[in-house]
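Undergrad: Got a structure for you, written out below as structure tokens; questions coming shortly.
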């Protein structure tokens, strides 16, 4: 049997100082942590020696970095403040490299169609090619997170990125909330997947979707974890909770739920 993926937790779910959050992650049985690089962990907060001490602290707790996440306030190709946005992403990739991460996740926003919005599409492809070229330089692969479009849309987009490696940050919740089949999306994208989110959701009768705690939604985790093993996936599966009244408790319970499936 191939090795199982490793389990991590997004520390932002705890809404606590990092030292406290890290202790909770270690106590819940995860072996990795995901940091958000805009507000939660910023480069100006850590000197070079501070980064070494921080990584040593993680090691003392038995923790490693899962791919960090950098949020943007607008779609990557939105013309408003586009240069500042792209620069911020590039700087975050460099910071991820300094933290010894080899992948950084990013949501792009809606993907413009090559026929319906050709100029926007060309702009997005140009930006992504520039960023993956930068990723080659700093040693970090960009992983884009789906935002509701069918898997084939991302497969086609990735085929247009020629300047370096780019991957998928697989988010089963986004497919459930869009009324799409998670297993089909995984089979379409599996050769590109470099990180997996442990995030669940439901699709309502009115066609809207909502995030839930892992195990309370429509994601078939037994099937998805079996697909990961079948595909030989060896990366991180990171418990993430963006909504809810007890996000910290939900990610802790997500780790327990995944472990109960003998991940």
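Undergrad: At q = 0.22 Å⁻¹, what log₁₀ I(q)/I(0) does the range 82-211 have when each alpha carbon counts as one equal point scatterer in the Debye sum?
TA: Log10 I(q)/I(0), no solvent term: -1.32.
Undergrad: Another question about this same structure. Provide the convex hull volume over Cα atoms per residue for the chain, in Å³.
TA: Numbers: hull volume 34.3 nm³, N = 263.
Hull volume over Cα atoms, normalised by residue count, gives 130 Å³.
Undergrad: I've got another one for you. First measure r as the distance between the Cβ atoms of residue 137 and residue 259, then evaluate 1/(1 + (r/R0)^6) with R0 = 35 Å and state the FRET efficiency to the nearest 0.05. Let's see the in-between values first.
TA: Details: r = 38 Å, r/R0 = 1.09.
Here the calculated transfer efficiency is 0.40.
Undergrad: Go ahead and run the numbers for FRET between residue 60 and residue 223, Cβ-Cβ distance against an R0 of 45 Å, rounding to 0.05.
TA: Numbers: r = 37 Å, r/R0 = 0.81.
According to the calculation, E is roughly 0.80.
Undergrad: Just to be sure I understand the model, the point goes 7 Å from the Cα along the line to the Cβ. What's the resulting residue 126 to residue 19 distance in nm?
TA: The two pseudo-label positions are separated by 4.8 nm.
Undergrad: Compute the length gained on full extension between residue 73 and residue 114: take 0.36 nm times their separation in residues and subtract their Cα-Cα distance, giving the result in nm to one decimal.
TA: On the way: separation 41, 0.36 × 41 = 14.76 nm, distance 2.36 nm.
The residue 73-residue 114 span can extend by a further 12.4 nm.
Undergrad: Given 5 Å bins starting at zero, what is the percent of C-alpha pairs of the range 1-143 in each, up to the one with the largest pair distance?
TA: 2, 9, 17, 20, 18, 13, 10, 7, 3, 1, 0
Undergrad: Do the sum for the chain: with -39,500 (n - 2.57) for every DSSP H run of n ≥ 4, divided by all residues, what is the mean residue ellipticity at 222 nm, to the nearest 500 deg cm²/dmol? Working shown, then result.
TA: Details: 9 runs with 109 residues, N = 263.
So the calculated ellipticity at 222 nm is -13000 deg cm²/dmol.
Undergrad: How large are Rg and Dmax for the range 24-96 when calculated on the C-alpha trace, in angstrom?
TA: 14.6, 44
Undergrad: Cα atoms only, the range 1-52: Rg and Dmax in Å?
TA: For the range 1-52, the Cα-based Rg and Dmax read 13.1, 43 Å.
Undergrad: Then there is this: State, to one decimal in nm, how far the label point of residue 234 lies from the label point of residue 153, with both points 7 Å from Cα in the Cβ direction.
TA: Those two pseudo-labels are separated by 3.3 nm.
Undergrad: Still on this structure, I have one more. Express in whole angstrom the spacing between the alpha-carbon centres of the range 1-51 and the range 193-251.
TA: Rounded to whole Å, the Cα centres lie 18 Å apart.
Undergrad: Given springs between every Cα pair under 10 Å in a Gaussian network model of the chain, which of 182, 25, 125 has the largest fluctuation?
TA: In this elastic network of the chain, the residue with the biggest mean-square fluctuation among 182, 25, 125 is 125.
Undergrad: So, one more: Label points 7 Å out from Cα along the Cβ direction at residue 162 and residue 187: separation in nm?
TA: Placing both labels 7 Å beyond Cα along the Cβ direction yields 3.2 nm.
All of the numbers you see were taken from the coordinates with simple rules; none came from a lab. Here the structure is a predicted model, which means the values were calculated and not measured. Don't worry about glycine lacking a Cβ; one is built from the backbone with ideal geometry, like all the others, and counts go over all protein chains shown.
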